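Worksheet: the structure to be examined is printed underneath.
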Amino acid sequence: MIYLQLFITFLQIGMFSFGGGYAVMPMIQRYIVEQRGWITFHQLADITSISQMTPGPIAINAATFVGVKVAGPLGGVVATIGSITPSFILLILLAYFFFRNSNLYYIQDILKGLRPAIVSLILIAAISLGGSAIFLETDFTIPWLQNLNYPAIVSALIALFLLIKYKVDSVIVIFSGALIGIIYHAITII
């Protein structure tokens, strides 16, 4: 039964998420964290971070990670298949349609209309993930200055500076962030 739930949930996410990447994160948060309770919001933020270090789209990586966590390796396969099925079917249909019709001006108009909606979805995901990185607790019962994660804020500002000013390769920034996290964790344990 859990396999069917995983398949249907990620099928829905795959069916109604446009824009890929971070645009799918609000849907994953709603279905996986809030409705199903399969993972916590902090685990979603961790999955997103891990997904950035592995090849492939975020939605597919997230489906695989959540599926494995909920139902083991077979759950990962089922969730991943559920996630890619709508895109696979849509891609086949669109490829057929594009090759059959050379006059696609109205398709371009539809895509122009979708772009602002996709940007807003990406912005919502950035705000949610940024909040989970900046604040120690997301329930906000603690006064906000005491709730700030100062090492994460400093790390994010340094990374942003390096990316913008010196055009440092994002892979180096990601691995440096992971190394800083490991060192910080080792220091706080001692």
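Some points to look at:
- Against the numbered list (1) at pLDDT 85 or above; (2) assigned by TED's automatic domain parsing to the domain that holds residue 42, residue 163 comes up short only at (2).
- Residue tally, condition under 18 Å from residue 16 (Cβ atoms) and among the aromatic types (Phe, Trp, Tyr), over the range 83-99: 1
- Leading residue by the ranking (modelled with the lowest pLDDT) among those in the range 127-160 that are under 18 Å from residue 40 (Cα atoms), of a type outside the set (Phe, Trp, Tyr) and touching a helix residue (DSSP H, G or I) at 6+ places or on another chain (Cβ under 7 Å): 138
- Boolean, residue 105 is at pLDDT 85 or above and over 20 Å from the mean Cα position of the chain (by Cα): no
- Hey, residue 73 part of a helix (DSSP H, G or I), at pLDDT 95 or above and over 14 Å from the mean Cα position of the chain (by Cα) or not: yes
- Matching residues, the range 131-154, being surrounded by 11 or more Cβ atoms within 10 Å (Cβ to Cβ) and over 23 Å from the mean Cα position of the chain (by Cα): 142, 147
- The number of residues in the range 155-182 being hydrophobic (A, V, I, L, M, F, W, C) and either surrounded by 14 or more Cβ atoms within 10 Å (Cβ to Cβ) or farther than 20 Å from residue 52 by Cα (or both) comes to 9.
- Annotation for the range 26-38: at least one member residue is surrounded by 16 or more Cβ atoms within 10 Å (Cβ to Cβ) and outside any helix (DSSP H, G or I).
- Positions within the range 1-25 being surrounded by fewer than 14 Cβ atoms within 10 Å (Cβ to Cβ) and closer than 21 Å to residue 72 by Cα, in sequence order: 1, 4, 8
- Test: residue in the range 4-21 that is within 13 Å of the chain's Cα centre (by Cα), assigned by TED's automatic domain parsing to the domain that holds residue 129, aliphatic (A, V, I, L, M) and closer than 26 Å to residue 152 by Cβ: no
The values are calculated or read from the model by the stated rules, or taken from the named source; none is laboratory data. Please read all numbers here as calculations on a predicted model, not as lab measurements. Glycine gets a Cβ as well: all are built from the backbone with ideal geometry, and neighbour counts include every protein chain shown.
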